[in-house]
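Asks: Quick one: structure below, then a few questions.
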Amino acid sequence: MKAWKRRIRRALGTLRRVLRGGLRRAYTRWRRSIQVRIVTTTLVISAAAVALLGVFLMQQITTALLDAKEKTAVLQLDEGLGIAQSELSRTGVDDTETKLEDIANQLKARSGTFGLYEVYIRDTDDPLSGGFATNELRSDSIPKRLRDQLQKDVNGTRERTYGELSYIGHNPVAGLIVGARVGRFELYYLFPLTQEQQTITEVQRTLVGVSAGLVLLLAAIASLVTRQVVIPVRLAAQAAERLAAGRLEERMKVRGEDDLALLAASFNGMAATLQEKLAALEGLSQVQRLFVSDVSHELRTPLTTIRIAADMLYEHREDFEASVNRSAELLQSQLERFESLLADLLEISRHDAGAATLDAESVDLRDLVLRAVGDIEDLAERKDSKLLLQLPGEPCMAEVDRRRVERILRNLLVNAVEHGEGEDLVVTVAADRDAVAVAVRDHGVGLKPGEAQMVFDRFWRADPARARTTGGTGLGLSISREDAQLHGGWLQAWGEPGVGSQFRLSLPRVAGEELRGSPLPLVPPDVELTRAPFAGLELGE
């Protein structure tokens with residue numbers, strides 16, 4: 001017994017899952033398809049309208065049939081009353097029952113061979129007499145309310161009602177009962193409604209069939225009409241997706257001269273214009289990259305000569321007057337800045353040309369962090385910022401390009417010092433089985449909404465009015481992003497105004513492996529969970 005119960009529960013659970021899955025798929029298709037929604041809406045509305053129309057028609061047909069039946073019944077009753085009155089006027093007291101039977105049979109004979117009605121007649125002065133009914137009709141077929149009504153009415157009033165006609169040895173049938181008084185006698189005509197019921201049933205079946213066919217036809221028409229509109233829209237959407245994926249040669253077929261053809265022609269015109277503009281921009285970008293690369297290389301030679309002369313002047317600056325001495329120092333510092341900018345431009349041009357290569361070796365990321373921190377300690381002291389290191393006890397080994405990762409870390413640290421407002425800087429290192437990560441956290445001005453997406457743009461500055469003290473080129477974070485992507489890693493930013501910002505570098509442990517996650521959170525743990533941090537930019541995901 002328990003096994004059967006388990007089987008039943010298992011079968012019911014499977015049925016529920018199948019039904020739930022079917023409903024979910026149907027709802028998903030209904031939500032995603034305009035054609036399905038239009039056809040479904042048309043089906044529901046047309047079904048409701050046809051149902052209301054069918055109910056109205058059935059009521060009208062039923063009313064018409066019953067009205068015609070009642071008129072026929074009253075006419076038959078009038079005719080029977082005349083015959084019964086004539087026969088009863090010649091009847092003696094002793095042969096009343098026999099005469100009632102003769103009258104009933106005579107009136108019944110006038111209904112024809114099909115037996116359109118039954119006749120019942122009784123003497124109201126003889127309560128013991130049950131009267132006489134034709135064709136084994138039971139006397140209780142006459143409703144008591146009809147008899148009571150005839151007792152109240154004056155002679156000759158016609159009354160009618162609907163009820164069941166009961167026969168001895170037969171099943172009862174629905175019928176129309178009409179009656180009237182003839183002196184002390186009551187005469188009833190009972191009309192079976194079998195034929196009318198069959199007619200109503202046939203009409204109802206016909207209406208249901210026609211209604212179902214009409215609803216399906218309307219749904220098919222709606223499907224056909226919407227298909228003619230939806231298919232071109234779907235083709236346009238697919239063409240737009242392919243165009244967005246970079247297939248600029250994608251075009252739609254133009255058929256006819258209607259609105260959809262105008263849509264296709266407009267789309268093709270837009271695609272052609274976009275292709276031309278993108279080609280022009282790509283050419284301009286290529287020219288710009290070549291110009292930057294060529295100019296950067298061409299500047300190396302004169303810059304080297306200027307550097308030699310500047311170094312000589314700087315070495316002998318003590319022999320010059322004070323103003324010349326100061327000029328030599330300014331010349332030296334500006335040459336260093338110019339060389340840094342030129343080096344960054346050359347690095348950017350290598351990335352743009354796809355010539356940047358990765359010289360990967362297995363190193364401990366903690367060592368790279370310590371070296372980068374040592375390089376900017378003097379700058380942090382001048383800004384009154386303290387560097388707090390959170391390093392794990394175990395080595396964080398990864399296959400990386402030492403020079404590029406050190407440059408990323410230095411750029412992140414310099415950026416944190418520049419915008420840290422003299423507050424403490426926290427550098428965190430972590431690793432898991434697949435990745436290593438470094439997070440640089442400052443408590444300075446932070447980032448406004450949307451700036452996390454722009455902070456890695458070339459020459460972008462969060463606040464152009466702020467005075468820079470480190471002499472940056474504006475390319476450091478952009479180059480850092482390119483170096484991170486060259487490793488297959490991510491460089492991400494988070495920030496809130498007045499709370500600070502955090503930059504996170506995540507790299508795979510093995511060069512060339514896909515990075516799926518980071519061992520460090522992008523949002524600092526010290527930020528309250530109830531606050532809504534600005535979304536960071538996740539590059540390479």
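The values are calculated or read from the model by the stated rules, or taken from the named source; none is laboratory data. Predicted, not measured: the structure shown is a model, and the values here were computed from it. Only protein heavy atoms, including side chains, enter the accessible area calculation; ligands, DNA and RNA are left aside. Shrake-Rupley method; radii C 1.70, N 1.55, O 1.52, S 1.80 Å.
Asks: Using alpha-carbon pairs under 8 Å, 6+ residues apart, how would you state the relative contact order of the chain in percent?
Replies: 9
Asks: Under 5 Å between amide H atoms, partner at least 5 residues away or on a different chain: which partners does residue 527 have, H built in plane at 1.01 Å?
Replies: none
Asks: Report the number of Lys pairs in the chain whose alpha-carbons are under 20 Å apart, with separation of 8 or more residues or on distinct chains.
Replies: Within the chain, the lysine pair count is 4.
Asks: Using the Karplus equation 6.51 cos²θ - 1.76 cosθ + 1.60 (θ = phi - 60°), what ³J(HN,Hα) coupling, rounded to whole Hz, does each residue of the range 43-58 give in order, writing x for Gly and Pro?
Replies: 4, 5, 5, 5, 5, 5, 5, 5, 5, 4, 5, x, 4, 4, 5, 5
Asks: Moving to a separate point now. Angle between the Cα long axis of helix 2-32 and the longest principal axis of the chain, 0 to 90 degrees, nearest 10?
Replies: With both axes taken from Cα atoms, the answer is about 70 degrees.
Asks: Given a 1.4 Å probe and the protein chains all in place, what does the accessible area of residue 523 round to, in Å² to the nearest 10?
Replies: Estimated to the nearest 10 Å², residue 523 gives 50 Å².
Asks: Taking Cα atoms, how many degrees apart are the long axis of helix 96-109 and the longest axis of the chain, rounded to 10 and kept between 0 and 90?
Replies: Computed tilt is about 50 degrees.
Asks: Something else: Once amide H atoms are built 1.01 Å from N in the peptide plane, which residues 5 or more positions from residue 430, or in another chain, come under 5 Å H to H?
Replies: Here the answer is 437, since their amide H atoms fall under 5 Å of that of residue 430.
Asks: Also, quick follow-up: With every protein chain kept in place and ligands, DNA and RNA left out, what is the accessible area per residue of the chain? Probe 1.4 Å, answer in Å².
Replies: 59
Asks: Can you send over the carbon and sulfur percentage of the accessible area for the range 195-277, probe radius 1.4 Å, protein chains only?
Replies: The C+S portion of the solvent-accessible surface of the range 195-277 is 61 percent.
Asks: Please state the relative contact order of the range 1-142 as a whole percent: Cα pairs under 8 Å, 6+ residues apart?
Replies: 11
Asks: Still on this model: Helix 322-353: angle to the longest alpha-carbon principal axis of the chain, degrees 0 to 90, nearest 10?
Replies: Helix 322-353 sits at roughly 40 degrees to that axis.
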